Amino acid sequence: MKAVRIHAFGGPEVVTYEDIPQPVPQEGQVLFRVTSTCVNYADVQWRLGNYVDRTLPATLGREAAGVITALGPGVTTLQVGQSIMARAIGGNAQYAIAQVQNVFPCPPGLDMAQAGGIPIVFLTAYHLLRSLKSLQPGDTVLVHAAASGVGTVLIQLCKQWGLRSIATASSQAKLELARSLGADVTINYTNQDFEAEVMRLTDRAGVPLVLEAVGGEVTLKSARCLAPFGCLVNYGNASNQPASIPLSSLREQRAAMGFSLPSTFPRLDSQTAMAEILDLILAHKVRLVVDQVLPLSEAAKAHAHLSNRGTLGKVLLIP
């Protein structure tokens with residue numbers, strides 16, 4: 001089968017498209033023929049060698065959708081021929097393996113050409129808003145990287161759940177997208193000081209929740225935007241810049257934490273979360289925002305596009 005691989009860490013030029021053996025499902029796993037997959041910022045970090053697992057060569061991709069072709073021993077809740085989407089390491093390939101607990105059956109009516117870009121961004125956004133801090137309707141959430149895959153979902157879920165969103169991004173096109181998805185306030189951080197603007201908008205009270213995946217100075221300034229008892233959650237590092245938050249920024253019971261699926265909170269109920277997400281998608285209340293759809297063979301081009309931080313939503317790959 002064909003797969004997107006790296007044999008060394010580096011820029012988009014290290015991404016290859018090559019033949020490898022088709023994997024065989026082990027106990028508790030399924031093999032599925034991929035109909036759609038995607039490139040996430042996590043894949044960019046993987047390609048750069050910024051993860052603990054530095055095993056090479058590696059097949060890239062962390063999620064995909066498709067049709068089950070084989071079941072591993074002990075799998076009784078799924079069946080061959082079933083349409084699924086899954087969190088699947090090595091998902092950028094014509095066939096992929098997924099653990100049963102990371103598989104989500106696709107209901108009739110779900111677009112399988114987009115399903116491969118749904119699991120990670122929607123589950124991440126869901127848990128960021130629902131599982132880490134108790135929020136009440138009318139509470140304000142500061143959403144950085146508003147035009148990213150997770151950011152576009154966060155804004156839509158805030159609107160659905162009665163939360164007020166302040167969205168930041170780096171261009172007018174990204175801010176227009178955020179507004180179209182329901183952002184209540186938008187800030188262009190290239191020509192506005194988002195910290196000063198957030199404090200002005202909240203009468204210097206700050207916000208109860210900040211969600212950011214940029215890192216560096218954005219993390220430091222975000223901590224100063226928190227209301228007492230507020231929480232800052234970092235779920236990525238698109239800037240590749242480290243950040244150390246002074247304890248003085250976390251006075252008055254303010255908190256900061258990191259989040260990633262699934263390692264940070266392995267006991268989160270993602271099956272129930274996905275059922276609620278799918279209801280919203282099928283009711284056309286939220287949607288996957290797609291920036292580009294490319295052939296799987298052009299994964300290197302997708303990596304270059306994400307690395308330039310010019311995307312508006314997800315970049316999908318079709319085998």
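Restrict the check to the range 45-53 and report whether at least one residue is among the acidic types (D, E) and modelled with pLDDT under 95. Yes, the conditions are met somewhere in the range 45-53. Name the pairs whose Cβ atoms lie under 9 Å apart, with the first residue in the range 62-76 and over 14 Å from N102 (Cβ atoms) and without any contact (Cβ under 8 Å) to a residue 60 or more places away in the chain, the second open to solvent by 10 Å² or more (accessible area, probe 1.4 Å) and among the charged types (D, E, K, R), and 6 or more positions between them or separate chains? Sorted first by the residue in the range 62-76, then by its partner, the pairs are V67/R33; T69/R33; P73/E27; G74/E27.
Out of all the residues in the range 41-82, which are polar (S, T, N, Q), touching a Leu at 6+ places or on another chain (Cβ under 8 Å) and either in a loop (DSSP other than H, G, I, E, B) or within 30 Å of A146 (Cα to Cα) (or both)? Quick ask: steps written out before the conclusion?
In the first step, residues of the range 41-82 are kept if they are polar (S, T, N, Q); the result is 45, 50, 55, 59, 69, 76-77, 79, 82.
Add one more test, that the residue is touching a Leu at 6+ places or on another chain (Cβ under 8 Å), and what stays is 69, 79.
The one that is polar (S, T, N, Q), touching a Leu at 6+ places or on another chain (Cβ under 8 Å) and either in a loop (DSSP other than H, G, I, E, B) or within 30 Å of A146 (Cα to Cα) (or both): Q79.
Every residue in the range 77-102 that is in contact (Cβ under 8 Å) with a residue 60 or more places away in the chain, hydrophobic (A, V, I, L, M, F, W, C) and open to solvent by less than 30 Å² (accessible area, probe 1.4 Å), please. If the condition is that a residue be in contact (Cβ under 8 Å) with a residue 60 or more places away in the chain, hydrophobic (A, V, I, L, M, F, W, C) and open to solvent by less than 30 Å² (accessible area, probe 1.4 Å), then A93, A96, A98 are the ones that fit.
One residue stands out in the range 213-234 among those that are under 18 Å from V150 (Cβ atoms) and part of a strand (DSSP E or B): the one that is farthest from the chain's Cα centre (by Cα), namely C231.
State whether the residues of the range 105-114 include one that is crowded, with 19+ Cβ neighbours inside 10 Å, under 30 Å from L209 (Cα atoms) and in contact (Cβ under 8 Å) with a residue 12 or more places away in the chain. Quick ask: steps written out before the conclusion?
Within the range 105-114, the subset crowded, with 19+ Cβ neighbours inside 10 Å is 106, 114.
Still in the list and also under 30 Å from L209 (Cα atoms): 114.
From the residues that got through so far, the ones that are in contact (Cβ under 8 Å) with a residue 12 or more places away in the chain too are 114.
Within the range 105-114, one or more residues are crowded, with 19+ Cβ neighbours inside 10 Å, under 30 Å from L209 (Cα atoms) and in contact (Cβ under 8 Å) with a residue 12 or more places away in the chain.
For the range 278-287, which positions are assigned to a loop (DSSP other than H, G, I, E, B) and open to solvent by less than 60 Å² (accessible area, probe 1.4 Å)? Working first, answer last.
Step one: filter the range 278-287 for residues assigned to a loop (DSSP other than H, G, I, E, B), giving 283-287.
Those that are assigned to a loop (DSSP other than H, G, I, E, B) and open to solvent by less than 60 Å² (accessible area, probe 1.4 Å): A283, V286.
Here is a check on your reading of the model: is F122 of a type in the set (F, W, Y), open to solvent by less than 30 Å² (accessible area, probe 1.4 Å) and more than 13 Å from the chain's Cα centre (by Cα)? Steps first, please.
Numbers: of a type in the set (F, W, Y): yes; open to solvent by less than 30 Å² (accessible area, probe 1.4 Å): yes; more than 13 Å from the chain's Cα centre (by Cα): no.
Spelling it out, it is not the case that F122 is of a type in the set (F, W, Y), open to solvent by less than 30 Å² (accessible area, probe 1.4 Å) and more than 13 Å from the chain's Cα centre (by Cα).
Can you tell me which residues in the range 288-319 are modelled with pLDDT of 95 or more, touching a helix residue (DSSP H, G or I) at 6+ places or on another chain (Cβ under 7 Å) and open to solvent by 40 Å² or more (accessible area, probe 1.4 Å)? V290, Q292, I318, P319, listed by residue number.
For the range 260-297, taking the residues that are touching a strand residue (DSSP E or B) at 6+ places or on another chain (Cβ under 8 Å) and without any contact (Cβ under 8 Å) to a residue 40 or more places away in the chain, the one that is farthest from D19 (Cα to Cα) is identified as T264. Can you spot a residue in the range 186-205 that is open to solvent by 30 Å² or more (accessible area, probe 1.4 Å), more than 21 Å from A223 (Cβ to Cβ) and either of a type in the set (D, E) or in contact with a Pro (Cβ under 9 Å, 6 or more places away or on another chain) (or both)? No; the residues of the range 186-205 include none that is open to solvent by 30 Å² or more (accessible area, probe 1.4 Å), more than 21 Å from A223 (Cβ to Cβ) and either of a type in the set (D, E) or in contact with a Pro (Cβ under 9 Å, 6 or more places away or on another chain) (or both). Within the range 21-37, the set of residues being open to solvent by less than 30 Å² (accessible area, probe 1.4 Å) and not in a strand (DSSP E or B) comprises P25, G28.
In this structure, K174 does satisfy being closer than 22 Å to G117 by Cα, open to solvent by 20 Å² or more (accessible area, probe 1.4 Å), among the charged types (D, E, K, R) and not in a strand (DSSP E or B). Which members of the range 90-117 meet the condition of being out of contact with any strand residue (DSSP E or B) (no Cβ under 6 Å at 6 or more places or on another chain) and closer than 18 Å to V315 by Cβ? Answer for the range 90-117, where residues must be out of contact with any strand residue (DSSP E or B) (no Cβ under 6 Å at 6 or more places or on another chain) and closer than 18 Å to V315 by Cβ: D111, Q114. Of the numbered criteria (1) modelled with pLDDT under 95; (2) hydrophobic (A, V, I, L, M, F, W, C); (3) open to solvent by less than 30 Å² (accessible area, probe 1.4 Å), the one L132 fails is (3). Contact annotation: no residue pair with Cβ atoms under 6 Å, 6 or more positions apart or on different chains, pairs a residue in the range 168-197 that is more than 15 Å from A147 (Cβ to Cβ) and touching a residue at least 12 places away in the same chain (Cβ under 8 Å) with a partner that is acidic (D, E) and open to solvent by 20 Å² or more (accessible area, probe 1.4 Å).
The values are calculated or read from the model by the stated rules, or taken from the named source; none is laboratory data. None of these values were measured; they are calculated from a predicted model. Virtual Cβ from ideal backbone geometry, glycine too; neighbours counted across all protein chains shown. Ligands, DNA and RNA are excluded from the accessible area calculation, which covers all protein heavy atoms including side chains. Shrake-Rupley method; radii C 1.70, N 1.55, O 1.52, S 1.80 Å.
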